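The values are calculated or read from the model by the stated rules, or taken from the named source; none is laboratory data. All of these numbers come straight from a predicted model, not from anything done at the bench. Glycine gets a Cβ as well: all are built from the backbone with ideal geometry, and neighbour counts include every protein chain shown.
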Amino acid sequence: MIRLLIADDESLLRMAFRMVFEAEPDMEVAGEADDGERAARLARHLRPDVVLMDVRMPGLDGIEATRRIVRDSPRSRVLILTTFDLDEYAFAGLRAGAAGFLPKNTRPQELLSAIRDVAAGEAALSPRVTRRVLERFAPQMTPGPAERDERLAQLTAREHEVLTQVARGLSNAEVAAALHLAEATVKTHVSRVLVKLGLRDRAQVVVFAYESGFVRPAAPDL
């Protein structure tokens with residue numbers, strides 16, 4: 001059973017989410033929060049598997065709430081919901097430790113699938129949307145020298161290649177095609193990259209790659 005915490009300041013939206021989730025045999029709503037402070041507090045108390053997090057809430061916003069939940073309730077994973085798929089808050093949420101983000105107009109079945117992926121330890125990141133977000137917001141980051149992060153030295157040459165492709169928002173199938181590998185092989189490499197870098201999921205891989213300087217944003221067209 002996947003236990004959920006819904007954090008959104010719109011009561012009608014919380015009610016709609018609850019109706020969708022409670023109709024699923026493998027989901028239950030453990031609690032609701034109408035601001036970030038309450039969301040972080042309930043996450044510590046209820047220990048939900050997944051927190052569905054709005055970002056624009058009164059008081060403590062969803063980004064800081066995500067940061068607190070990742071720090072204080074590491075077993076709870078956060079899925080950010082944004083009004084637009086290029087919302088700058090989505091990128092800030094990833095940097096705060098969210099397992100992924102989805103636009104609020106996502107179809108119910110896609111949302112349910114994403115929740116199940118996040119609960120299973122995967123990241124909820126659409127490769128297409130991830131690439132667009134990176135194109136817009138990654139240039140704002142100030143990456144450090146890649147050679148200073150000793151974790152990168154643990155990766156094999158092939159794992160470096162896979163890390164590069166994942167950081168650019170490619171799906172496993174796209175990475176497999178680009179590197180002429182079987183998709184199952186790519187999944188194995190991604191798993192090893194996560195272990196060696198001490199990261200939880202694909203979302204953290206993307207952020208790590210840019211913040212470490214391993215991958216740098218493309219120069220803007222002049």
Flag for Val51 being at pLDDT 95 or above and within 12 Å of the chain's Cα centre (by Cα): yes
Of residues in the range 89-123 being in contact (Cβ under 8 Å) with a residue 40 or more places away in the chain and out of contact with any strand residue (DSSP E or B) (no Cβ under 9 Å at 6 or more places or on another chain), the one farthest from Lys187 (Cα to Cα): Pro108
Mind checking whether some residue in the range 198-209 is outside any loop (DSSP other than H, G, I, E, B), among the polar types (S, T, N, Q) and modelled with pLDDT under 85? yes
Complete set of residues in the range 73-99 that are at pLDDT 85 or above and surrounded by 17 or more Cβ atoms within 10 Å (Cβ to Cβ): Ser73, Ser76, Arg77, Val78, Leu79, Ile80, Leu81, Ala96, Gly97, Ala98, Ala99
Members of the range 104-120 that are outside any helix (DSSP H, G or I) and surrounded by 13 or more Cβ atoms within 10 Å (Cβ to Cβ): Lys104, Thr106
Enumerate the helices (runs of 4 or more DSSP H) found wholly within the range 121-181, keeping only those where 3 or more residues are modelled with pLDDT of 90 or more and touching a helix residue (DSSP H, G or I) at 6+ places or on another chain (Cβ under 7 Å). 157-167, 172-179
Pairs where the first residue, in the range 178-195, is more than 16 Å from Ala167 (Cα to Cα) and the second is part of a helix (DSSP H, G or I), C-beta under 7 Å, 6+ apart: Ala182/Ala176; Glu183/Asn172; Glu183/Ala173; Glu183/Ala176
